[in-house]
Amino acid sequence: MSRETNRIRHELLALRCRRGEPDALAELVRAWEPRLFFYVRRMLVDEEEAWQVMQEVWVAVLSRIDRLREPQCLPQWLYTIARNTLMTHLRERYAERERVAGEAPEPIDEADPLGRWADAEQVYAGLARLPPVDREVLTLCFLADLSIAEIAAVLAIPPGTVKSRLFKARRALRAVLEGEE
C-alpha cells in the first residue's frame, strides 16, 4: 500500500474513532498496538514493563481521541502519546530508583543500525545499549518507518535536529556493533 493510501485509511479511522464507533476503536487498537508496542519495547528492557506502559498509552489515546484536531496526523499523534507516556514512566522509574537507592541508574552505552549487520537480534541488542535519545530516533526512523518530518512532529524538534541525531545515532550503533564482532 502506498503512503497516500495509508494516510487516507488512518484519517478515516481517526474520524470514525472520534465519532465513538466501538468497532473503530477496536480496529485502532488492532492496527496500531503492534507498532506502538514495538516502539515502546525498544525503549524498555523489560517486556512486562513495556506492556504496562502500553496500557497507559491506550488509556491516554482513548480518553483523548475526541481532541485529535488533525485526523490525517493519526500516526504522529499516536507515537507522540506513546512517547510522552513512556517518558513519564521513565521519569517516575528514575525518581523511584533514585529515592530507593540514593543514586541514579547506570547510563546506557551508545550505538547505530544498518550496514553489514544482517542479524536483527544483534542490531536489537545494539539498540538496547544506546542512550534513549539515540535508540528512539533510530526506532522511529528505521523500525517504525516514519519520515524525517513525522519524527520531527513526534519529538517536537526541527527536522534538521532529527537528521543530526540520526547521523550521531547511526555512528554510535555502528561503534557498538563493531565492538561485538
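The values are calculated or read from the model by the stated rules, or taken from the named source; none is laboratory data. A quick note: this is a predicted structure, and the numbers were derived from the prediction, not measured. Note that we place each Cβ from the backbone using ideal geometry, even for glycine, and neighbour counts take in every protein chain shown.
Computed quantities for the displayed model
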{"read-out": "Among the candidates Arg93, Arg171, residue that is modelled with pLDDT of 90 or more and part of a helix (DSSP H, G or I)", "value": "Arg171"}
{"read-out": "Criterion: in contact (Cβ under 8 Å) with a residue 60 or more places away in the chain and within 21 Å of Asn84 (Cα to Cα) - qualifying residue of Ala144, Ala172", "value": "Ala144"}
{"read-out": "Subset of the stretch 1-52 (residues that are surrounded by 15 or more Cβ atoms within 10 Å (Cβ to Cβ), in contact with an Asp or Glu (Cβ under 9 Å, 6 or more places away or on another chain) and not in a helix (DSSP H, G or I))", "value": "none"}
{"read-out": "Conditions (1) outside any loop (DSSP other than H, G, I, E, B); (2) more than 11 Å from the chain's Cα centre (by Cα); (3) surrounded by fewer than 19 Cβ atoms within 10 Å (Cβ to Cβ): number failed by Ile157", "value": "(1)"}
